[in-house]
Each structure stands twice: as structure tokens, then as C-alpha cells.
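Visitor: Dropping a structure here in C-alpha cells format, bear with me for questions.
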Amino acid sequence: MSKMFPRLDEVYTGPDENGFFGPYGGRFVPETVMPALLELTAAFEDASDDPSFQEDLSDLWVDYVGRPTPLYQARRLAEAVGLGTVFLKREDLCHTGAHKINNTLGQCLLAKRMGKKRVIAETGAGQHGVATATTAALMGLECAVFMGVEDIRRQSLNVYKMKLLGAQVIPVDEGSGTLADAVTAALRHWVERVEDTFYVLGSAVGPHPYPVMVRDFQSVIGLETIDQLQGRGIEKVDAVVACVGGGSNAIGTFYPFVLAADLFGSPELVGAEAAGKGIDTDQTGASMTLGTPGVMHGFYSYLLQDDAGNPLEAYSISAGLDYPGIGPEHAFLKDEGKVSYEPVTDDEALEAFDLLCRTEGIIPAIESSHALALLPRLAKRLGPDATVVVTLSGRGDKDIDIVREAGLGSE
């Protein structure tokens, strides 16, 4: 197994052959879906062991995406939040503006390897949709993207980009018209067209093998970060932070650090989830803080649910974080005490968005701003000499209308 897809079972449990990380994960799907998932699992495992597949993907990451992305020392931000050193892993500088393309390139290469002519995807904030449409155009694949009507309204720029790239954008008006509803619609459609269609799932959720597949493709983030820290001679890191909705950029960041737990003095790994209007309200997406284990979208993990086990509607100002569950590997890491998860409100995220703009000249995605919002808390907990790494998962072009409506930059 190449280091591109690192696994070290002696120190880490999961997934097993059925896709479970401890009690979480699995394939909770109708029997009619199982053949497609088994076909996908076999194809992914075969590709993971094929040096030519990994070389093709690595070449695209370098020449098309622009990897490795910089590890930038944000000195003015560190001073503003009271920390000694803050490094930003600049996934916002990837082609298409976010980490999502790391995964779409891997999955679309796999689709072509399997002989599929068409790909579908779900999207919330639109970045995964844009990345899928971009990769489909590059590889000559037909593309359709499912997107909730509410997210279409608040992410109109990304909708237009997807159409420019040749993708069909399919509105989903069920439920709250957001990310969870788009996932449901995409899964339903995939079952109907599995013969010629590959579902490019954007986050570390869904039935096995999707959580591990997305994790492996996104692990390039954490692997690069470790290499870059070592290249700078950094010996001590106090915390590594990433935002979590379904959890793809976070698991890609955290997983290599979990495997290399002895490096950099065993830093805290902290996920920032969307508290929305507050964890004491019904307008929140804090599934790790408020959720309980249950089944949704074919996997078992923490989710916001009612007494009957039905998923609740999640809320966040961020279209990429308002998902009522979280990837099963995150649930396992929480229970094992390897990663902690903290809720961040809309207001805290907007304040962090504004701070990064004004201190570093970088306009972040609102999703990433949730991770940035943890920096003042970490400064109080870790002290003024601490070193913290933040994965800046995406740029904020798509969120300009949202922050304008919130009143930022109006003075």
C-alpha cells in the first residue's frame, strides 16, 4: 500500500471488511444497493494497490490542482488571537477554491477505471459540485449535481459555475432544501442508474466504502502538512484544527496525525462544528455535541434525531456544515478520545471571517471560519506561546452575498 493511502492497523482500528470503525459506519442499505457497493469496494481496493492509479492521481494533484498547497504562517492573525504561531494549510488555493477537488479527481479516475460514462454528486455550499463538474469536464464524463433549493438560492455563483462547466444542476425541494436532502436525492437516483453512473460522494459519510475512500483521497492534506512542518524544523505543535460538517477536510487533516501521534508532541486534534444560532436552540448543526448514534444515508454515526430516530433538520449559516450527522470515523475518533469536537455559532464564525480578512488579506469560506473561530479559545487554553495549525478548507468567494447580508464590510 502506497503512503498516499496510509494505514497502520496495529495502532488504529477501522474500517473492518464491512466498513465499521468500532461500532460506526457499515452499509445500512437495501439489498438492491449492495451489488453496486460491493463492485465499488472491489474497484477501490484494486486501484489503491495499483501504482499507476496512484501515479495518475498524484500527477493531477500537482499539475492540475496545484499541490502541495502552502503552509502559511499567519503572524498578524496569531497576534490578534493571542497565540504564538498560527499556520494555515491553504486548501483555499486549490484549483476550484477548496479541498473538494482532491477527492473528486480520485473518484472520477475510479469511475473511468470502472467504465462509467456518467457521474452524479450532491452539494451544499457548491464547492463539491463545482469540483465534480470541473473533473467531469476534464475527463469527458457526463455530470449531474443534486442541490437543495435553499442552497441554490444562497450559493448562486457556484450554481452558475457548475452550469458553465457543462453540468446539469438538479434542484431538490424536499425537506429543508439543503445538503442532507441533496444526499438523499442523489443516493436514490444512483440506485436507479447504477449501470452507467458513478456517485461521487463529497464527504466522509454514506455506506462503506465511501467514508474510507474520501478519507484516503483527502489524506493528502494531513500528509503534506506533516511534511511541511518537518521541513520547517517544527518540533512542537499544540493543536491541529479543521471544520466539520460531514467531515472530509477534517478527516483528511486528522488521520495522518492520528497515525503519527508521536510527532510534534502529540498535538490536540480539534474539529469545529456548526452550532448555528446556538446549541440551546433548535437552529443548530452540532451533531457531535447534541447528537446520538443512529442511521442515516446508509451509515451509523452520531446524528441529530428525534425520539423515533428520524433525522432532524440541521441549521448553519454555512451551506457546507448544515448536515445533521457526521462521518463514522469521526464518531469513532471522538469515542476513542483521539479528536475533540467543539460547537461554533454563526456569529463566532462571522467574527473569525472578518478577522482573517482584516489581518491577513485572506477571504475564507464560512465553513473554514468555524475552524478559525476556535483560535481565541485555544489561546486561553494553551497559552500565548502555543503553535496551532488550521486547515483553511476553502475560499470565501461563494459566501460574499451571505456575509454582505450579515452586515460585514458595510461601514
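The values are calculated or read from the model by the stated rules, or taken from the named source; none is laboratory data. These numbers were taken from a predicted model, which means no experiment stands behind them. No Cβ is skipped: glycine too gets one built from the backbone with ideal geometry, and neighbour counts run over all protein chains shown.
Visitor: Looking at (1) touching a residue at least 40 places away in the same chain (Cβ under 8 Å); (2) closer than 26 Å to Ala286 by Cβ; (3) in contact with a Phe, Trp or Tyr (Cβ under 6 Å, 6 or more places away or on another chain), which is the one condition that is false for Phe254?
Guide: Among (1) touching a residue at least 40 places away in the same chain (Cβ under 8 Å); (2) closer than 26 Å to Ala286 by Cβ; (3) in contact with a Phe, Trp or Tyr (Cβ under 6 Å, 6 or more places away or on another chain), the lone unmet condition for Phe254 is (3).
Visitor: Another question, then. Which residue is nearest to Gly124 (Cα to Cα), if the candidates are limited to the stretch 172-219 and must be of a type in the set (D, E, K, R) and without any contact (Cβ under 8 Å) to a residue 60 or more places away in the chain?
Guide: Step by step, filter the stretch 172-219, then rank; the result is Asp181.
Visitor: So, restricting to helices (runs of 4 or more DSSP H) that lie completely within the stretch 132-216, which ones have at least 2 residues that are hydrophobic (A, V, I, L, M, F, W, C) and within 19 Å of Ser316 (Cα to Cα)?
Guide: Because the criterion is at least 2 residues that are hydrophobic (A, V, I, L, M, F, W, C) and within 19 Å of Ser316 (Cα to Cα), the helices (runs of 4 or more DSSP H) in the stretch 132-216 that meet it are 149-154, 179-192.
Visitor: For residues in the stretch 291-335 being buried (at least 24 other Cβ atoms within 10 Å of the Cβ) and of a type in the set (S, T, N, Q), which is nearest to Phe257 (Cα to Cα)?
Guide: Per the stated criteria, the residue is Ser301.
Visitor: When the stretch 270-303 is examined, which residues are found to be within 29 Å of Val191 (Cβ to Cβ) and part of a loop (DSSP other than H, G, I, E, B)?
Guide: Within the stretch 270-303, Gly285, Gly291, His297, Gly298 qualify.
Visitor: Kindly provide the set of residues from the stretch 242-283 that are within 19 Å of Phe332 (Cβ to Cβ) and among the β-branched types (Val, Ile, Thr), ordered by number.
Guide: Scanning the stretch 242-283 gives Val244, Ile251, Thr253, Val258, Val270.
Visitor: Hey, another quick one. What number of residues within the stretch 37-77 satisfy the criterion of being over 23 Å from the mean Cα position of the chain (by Cα), assigned to a loop (DSSP other than H, G, I, E, B) and surrounded by 13 or more Cβ atoms within 10 Å (Cβ to Cβ)?
Guide: Residues meeting the conditions: 1.
Visitor: Follow-up question, since we're still on this one. Being over 20 Å from Arg377 (Cα atoms) and surrounded by fewer than 24 Cβ atoms within 10 Å (Cβ to Cβ) is the filter here, so list the residues in the stretch 226-254 that pass it.
Guide: Selection gives Ile226, Asp227, Gln228, Leu229, Gln230, Gly231, Arg232, Gly233, Ile234, Glu235.
Visitor: Still on this structure, please answer the following. Between Ser58, Ser48, Ser2, which is of a type in the set (S, T, N, Q), under 20 Å from Gly252 (Cβ atoms) and at pLDDT 95 or above?
Guide: Ser58
For every residue, the table says whether it meets (1) touching a residue at least 40 places away in the same chain (Cβ under 8 Å); (2) in the same structural domain as Arg381 (by TED's automatic domain parsing); (3) out of contact with any strand residue (DSSP E or B) (no Cβ under 8 Å at 6 or more places or on another chain).
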site: Ser58; (1), (2), (3): yes, no, yes
site: Ala74; (1), (2), (3): yes, yes, no
site: Gly84; (1), (2), (3): yes, yes, no
site: Leu88; (1), (2), (3): yes, yes, no
site: Gly106; (1), (2), (3): yes, no, yes
site: Lys112; (1), (2), (3): no, no, yes
site: Ala121; (1), (2), (3): yes, no, no
site: Gln127; (1), (2), (3): yes, no, no
